[in-house]
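The values are calculated or read from the model by the stated rules, or taken from the named source; none is laboratory data. If you're wondering where the values come from, they're calculated on a predicted model, not measured in any experiment. Neighbour counts are summed over all protein chains in view; Cβ atoms, including those assigned to glycine, are modelled from backbone coordinates with ideal geometry. Each accessible area value is taken on the protein alone, full model and side chains, heavy atoms only, with ligands, DNA and RNA left out. Shrake-Rupley method; radii C 1.70, N 1.55, O 1.52, S 1.80 Å.
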Amino acid sequence: MVSIDLADRLTVESSEDLRFSCDDPAVPTGEDNLVVRAARRLARAAGVPPRAAIRLEKRTPTGGGLGGGSADAAIALKLLAELWNCSPEVRASLPGLAAEIGSDVPFFLFGGQADVTGRGEIVQALDDAPRRPLVLLVPPFTVSTAAVYRAYAGRGRLPQRLAVDDPRSASFLGPNDLTPAVLQVEPRMEAYLASAARVSEERAVSGSGSTIVLAAPHEARDELARRHPEARLFACTTLARDAYRLRTNPNGGSS
């Protein structure tokens with residue numbers, strides 16, 4: 001996994017109870033939201049009432065396979081640990097709490113580049129690769145993570161190689177073993193992968209989709225926009241661990 005500089009923004013403030021709001025109506029704000037779960041789990045661990053007003057400004061694609069919700073949960077833990085003045089012992093337990101909340105959450109406490117194993121709770125930091133420009137191609141639909149993993153479980157029936165695959169794509173972004181399952185669940189992805197292959201030698205589905213990541217100059221976004229005006233496109237770069245810490249360290253602040 002590697003962090004990128006496309007990010008949501010979280011703000012926390014004192015409140016009489018726990019309140020969570022988001023500027024994107026597609027994001028659920030109830031008890032199942034990872035940010036709300038993170039807040040309640042940290043409050044139990046710290047022995048404090050879960051009192052905070054949390055506001056999320058959503059910038060990452062919802063349901064795109066980029067881990068945006070997991071990142072929000074990880075940063076909520078950091079911010080609330082500051083707001084509630086948690087003890088050093090509780091702060092040291094954040095990686096364990098993060099693993100209880102979601103499989104991708106522990107990584108986002110650290111960022112940078114890492115090998116992530118187990119259910120996602122084992123994060124082994126790697127030396128950061130040089131900064132890379134990326135283009136994110138986000139089709140106008142989401143892909144069900146649960147359906148992709150069900151298809152992957154029956155992978156003996158899936159194609160072993162895709163026409164859009166290129167061995168050179170493994171140098172930075174791939175291969176993603178879930179890609180055949182993604183295509184089985186959502187065949188429309190194949191057209192977007194084919195377009196990505198025409199623009200960049202290095203590209204891959206992120207997680208279980210639907211976002212496709214291209215290691216390419218930001219100018220590649222223009223070509224993809226001509227091919228797929230219905231899709232969303234983002235230009236971003238990889239983010240080294242130190243840069244990630246600077247962006248996500250609350251430093252006693254609220255956001």
- Query: For the range 16-70, what's the radius of gyration and Dmax over Cα atoms, in angstrom?
  - Reply: 12.0, 35
- Size of the range 174-255 as Cα extents on the principal axes (Å, biggest first): 47, 28, 23
- Query: Going by average Cβ neighbours within 10 Å, how do the peptides 189-195, 60-66, 105-111 rank, with the highest at the top?
  - Reply: 105-111, 60-66, 189-195
- Task: Kindly report the accessible area of the chain per residue (heavy atoms of protein chains, probe 1.4 Å, no ligands, DNA or RNA), in Å².
- Result: 50
- Task: Please report the Cα spread of the chain along all three principal axes, rounded to whole Å, starting with the longest.
- Result: 55, 38, 36
- Magnitude of the Cβ-charge dipole of the chain, K/R +1 and D/E -1, about the Cα centre, nearest 20 debye? 220
- Note on the structure: Pseudo-spin-label distance Gln124 to Ser103, built 7 Å along Cα→Cβ, given in nm, is 1.9
- Any idea how far apart Thr117 and Ala147 come out in nm if each label point goes 7 Å out from Cα toward Cβ? 3.3
- Query: What stretch of the chain, leaving out the sites themselves, is the longest with no trypsin sites (Lys or Arg not before Pro) in a DSSP loop having at most 14 other Cβ atoms within 10 Å?
  - Reply: 189-255
- Query: Put a dot 7 Å past each Cα toward the Cβ at Glu190 and Asp32; how far apart are the dots in nm?
  - Reply: 3.1
- Query: Hey, if you drop one equal point scatterer on each alpha-carbon of the range 1-133 and run the Debye formula without solvent, what base-10 log of I(q)/I(0) do you get at q = 0.12, 0.13, 0.19, 0.22 Å⁻¹?
  - Reply: -0.45, -0.53, -1.09, -1.37
- Given charges of +1 on the Cβ of Lys and Arg and -1 on the Cβ of Asp and Glu, with all other atoms neutral, how large is the dipole of the range 39-96 about its Cα centre, in debye to the nearest 20? 140
- Query: What is the list of residues in the range 11-47 whose amide nitrogen lies under 20 Å from a point 7 angstrom out from the Cα of Ser87, following Cα to Cβ?
  - Reply: 39-47
- How long is the range 89-137 along each principal axis, judged by its Cα atoms, biggest number first, in Å? 37, 24, 18
- Listed by chain and number, the residues whose amide H is under 5 Å from that of Asn33, excluding neighbours fewer than 5 places away on the same chain and using placed H, are none
- Message: Considering only protein heavy atoms and a probe of 1.4 Å, how much of the accessible area of the chain is carbon and sulfur, as a whole percent?
- Response: 49
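Around Lys58, what is the net charge, scoring Lys/Arg as +1 and Asp/Glu as -1 over all other residues with Cβ under 11 Å from its Cβ?
Once all neighbours under 11 Å are counted, the net charge is -2.
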